[in-house]
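Take a look at the structure below.
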Amino acid sequence: GFVHTNTVTASASDNEGNPATANDSADVTLTNAPTLIEVVKTAAPIQVTEPGGNVTFTVQVNNLTIEDVTLTSLSDDIFGDITTSGHDGITTTDCATGGLIAGSGSYSCQFTAFVGGDAGFLHIDTVTAVAVDNEGTEATDSDSANVEVVNAAPEIQVIKTADPTSVPAPNATVSY
């Protein structure tokens with residue numbers, strides 16, 4: 001909303017020394033730059049063996065403008081608020097909101113959560129970030145990460161014991 005006014009004044013004289021002066025002004029109105037962020041979410045590992053396991057998700061919020069923004073929200077459509085642990089399967093997190101992301105800068109954090117299901121299940125979840133600039137202009141972006149649940153090969157173990165483990169020859173009864 002700020003209007004910058006610039007005035008130029010020119011002075012001249014003719015060949016007889018008569019002076020002439022003129023001026024003109026131009027106005028430039030400053031407008032709010034659009035606030036724009038980009039969210040990038042990745043998962044490690046991208047596969048878990050059924051019935052499931054812990055996956056560490058990395059979330060990066062990039063500020064695509066030259067103006068600083070404040071991160072106001074980080075939420076996940078499956079895990080909810082990713083800034084706190086101990087709920088919805090989140091075991092650990094270092095994600096936080098309220099911090100400033102400098103112009104053209106980025107913020108990155110990680111949270112670990114349990115991903116499970118039967119073999120063939122594709123876990124897809126989306127994190128959404130919200131940021132606001134100093135004029136209150138809000139920006140929102142989302143990104144998804146996929147984790148596949150793969151088949152676990154069946155495993156068995158056979159343990160055989162004898163009781164007693166030694167007997168006199170030629171015949172004795174042994175329980176197995």
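The values are calculated or read from the model by the stated rules, or taken from the named source; none is laboratory data. What you see is a predicted model; the values in this text were computed from it and never measured. A quick note on method: Cβ atoms are made from the backbone with ideal geometry, for glycine too, and the neighbour counts reach across all protein chains shown. The accessibility values were calculated without ligands, DNA or RNA, using every heavy atom of the protein model including side chains. Shrake-Rupley method; radii C 1.70, N 1.55, O 1.52, S 1.80 Å.
Just a few scattered comments:
- Placing a label point 7 Å from the Cα of residue 124 along the Cα-to-Cβ direction, the residues of segment 140-167 with a backbone N closer than 18 Å are 142-150.
- Under 5 Å between amide hydrogens, built in the peptide plane, is the criterion, and for residue 72 it picks out 98, 130, 131, 132 among residues at least 5 positions away or on other chains.
- Interchain or long-range residues, amide H under 5 Å from residue 37's placed H: 64, 140
- The calculated FRET efficiency for residue 143 paired with residue 6, based on their beta-carbon distance and R0 = 30 Å, is about 0.10.
- Relative contact order of segment 66-123, defined on C-alpha pairs under 8 angstrom at six or more residues apart (%): 34 percent
- A 1.4 Å probe run over the chain, with the rest of the protein chains in place, finds 63 Å² accessible per residue.
- Scanning the chain for GluC sites (Glu not before Pro) in DSSP loops with at most 12 neighbouring Cβ atoms within 10 Å leaves 17-134 as the longest stretch between them.
- The simple spin-label model puts a point 7 Å past each Cα toward its Cβ; for residue 18 and residue 134 those points are separated by 5.2 nm.
- Structural descriptor for the chain: relative contact order 23 percent, calculated from alpha carbon pairs under 8 angstrom and at least 6 residues apart.
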